[in-house]
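Only one structure is covered here, and it is reproduced in the block below.
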Amino acid sequence: MEPLTWIILLAVIGLVLLVGELLLPTHGMLGVLGVAAIAGAVGICFYLNRWVGLALFLGMVVASPVLLDWGSRMWERSFVGKRILLPPIDTSRGVIPVRLGEIGVAMSELRPSGECEFQGIRLEAVSEYGMIHRGSRVKVVGVSEGKLLTVRGMSDPAPVVAVAPNSQDRT
């Protein structure tokens with residue numbers, strides 16, 4: 001066979017193997033073989049004429065990022081890609097309906113995290129200092145990452161919890 005026939009044959013085989021890599025779960029084996037076939041075609045071009053080989057090599061270097069981007073977009077829509085990739089996640093954050101300085105009630109013990117209620121809305125919160133008992137009043141002193149509140153316990157006393165007397169506690 002003539003060298004031009006080998007160049008065309010290796011380039012076509014390489015492209016077919018690379019497309020097969022996108023559509024089949026082969027863990028990169030078809031991709032490696034496809035790149036090797038295309039490298040063989042470029043090598044034959046270098047053997048025939050170094051300037052033609054250099055032009056083809058530089059063309060491949062320039063085209064490869066564009067082709068990789070196109071291939072990854074095509075793979076996301078393929079039969080295999082739809083079954084492997086997770087659906088997109090909604091990362092938009094809503095506005096917290098609580099302002100700094102607002103007073104609420106701890107709905108669970110904050111050790112240091114728990115739930116607090118502000119105007120009938122329960123939100124996740126973190127205690128600024130130590131533990132805050134359930135039912136205690138809290139004040140918003142900060143917002144972290146757009147949705148996690150930092151609260152400080154107010155000076156109200158902690159709720160009274162009934163404790164059964166033990167025989168050891170008698171004096």
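The values are calculated or read from the model by the stated rules, or taken from the named source; none is laboratory data. Worth saying up front: this structure is predicted, and the values here are computed from it rather than measured. All Cβ positions, even for glycine, are placed from backbone atoms using ideal geometry, and neighbour counts span all protein chains on display. To get the accessible areas, we keep the full protein, side chains included, count just its heavy atoms, and leave off ligands, DNA and RNA. Shrake-Rupley method; radii C 1.70, N 1.55, O 1.52, S 1.80 Å.
Key figures for this structure:
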{"read-out": "Cα centre as origin, Lys/Arg/Asp/Glu Cβ charges: segment 74-134 dipole, Debye", "value": "360 debye"}
{"read-out": "Solvent-accessible area per residue, Å², over the chain with all protein chains present [probe radius 1.4 Å]", "value": "74 Å²"}
{"read-out": "Gained length - Glu2 relative to Ala36, 0.36 nm times residue gap less alpha-carbon distance", "value": "10.3 nm"}
{"read-out": "Relative contact order (%) - the chain, alpha-carbon pairs under 8 angstrom, separation at least six", "value": "13 percent"}
{"read-out": "Interchain or long-range residues, amide H under 5 Å from Val143's placed H", "value": "Thr150"}
{"read-out": "Charge-dipole axis of segment 1-102 as Lys and Arg at +1 and Asp and Glu at -1 on Cβ define it, positive-most pick from Val16, Val52, Ala36", "value": "Val16"}
{"read-out": "Portion, in percent, of the accessible area of the chain that falls on carbon or sulfur, probe 1.4 Å", "value": "64 percent"}
{"read-out": "DSSP beta bridge pairing in the chain, given as percent antiparallel to the nearest 5", "value": "85 percent"}
{"read-out": "Efficiency of FRET from Cβ geometry, Leu54 and Met29, R₀ 45 Å, rounded to 0.05", "value": "0.95"}
{"read-out": "Ellipticity estimate at 222 nm from DSSP helix runs (n ≥ 4, -39,500 (n - 2.57)) divided over the chain, nearest 500", "value": "-14500 deg cm²/dmol"}
{"read-out": "Difference of contour (0.36 nm per residue) and Cα-Cα distance, Leu148 to Glu117", "value": "9.9 nm"}
{"read-out": "Compactness index (Cα Rg / 2.2 N^0.38 Å), the chain", "value": "2.12"}
{"read-out": "Shape call, segment 1-68: gyration tensor on alpha carbons, a/c limit 1.5", "value": "oblate"}
{"read-out": "Dipole magnitude (debye, nearest 20) for the chain, charges at Cβ of Lys, Arg, Asp, Glu", "value": "180 debye"}
